[in-house]
Amino acid sequence: LAFTKSGVTPLNMPGLYPFVAEKLIATGQAIFSTDLFGIQLLASPGSTFTQGFFTSAALPYLFLLALLAVSNLLPTLVSMKLMNTQVPKVKKVGEKKTDTESMQDAFSSSLNTSTLYVMPLMLTLSMTPLPSIVSVYMIAQNIVSTAQQLLVKYFHDSELKKKLVAVLIKDHGYA
């Protein structure tokens, strides 16, 4: 994958199978790049923040973490907005909620809100000491799994098709 340290070749990479090293050398791929749009994939964002958050060296990592936060929020938003599977309790006409039911509804709403916003933020902050490649992997995994979830649900749920079309028309102007 990606190693640019001096003296590192496919033959002396730790943990690399010998047949992989031989194939890399045979194809002439002895030097690897660890850059992705100015981000060193083997460096952690936290290590660049020691010089300051808004330095030119830290900006790509800030963008990466912001993209990670959005991609962590995406699956939750999609499942809450398009795939709400909770069945509301049926109440008789004129029947009022008890104090316990009102408190349970308020607690449930509060828990959903905190889970929606706080958990992606905490997960994003926990990624700062890890290598950036882990964040890139998580971004790709979140996007692919959300798309897969939408496709599977779309082909098996006719009500979701109607909701998805309505959201696309209303929010994005697609016809």
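The numbers here are math on the coordinates, done by the rules we state, and not lab data. Everything numeric in this text was worked out from a predicted model, so none of it was measured. In this analysis, Cβ positions are derived from the backbone assuming ideal geometry, glycine residues included, and neighbour counts consider all displayed protein chains.
Full extension of the chain between SER145 and LEU111 yields a length gain of 9.9 nm, computed as 0.36 nm times the residue separation minus the alpha carbon distance. Return the FRET efficiency for the residue pair ALA66, ALA43: r is the Cβ-Cβ distance, R0 is 25 Å, and the value is rounded to the nearest 0.05. Plugging the Cβ-Cβ distance into 1/(1 + (r/R0)^6) gives 0.90.
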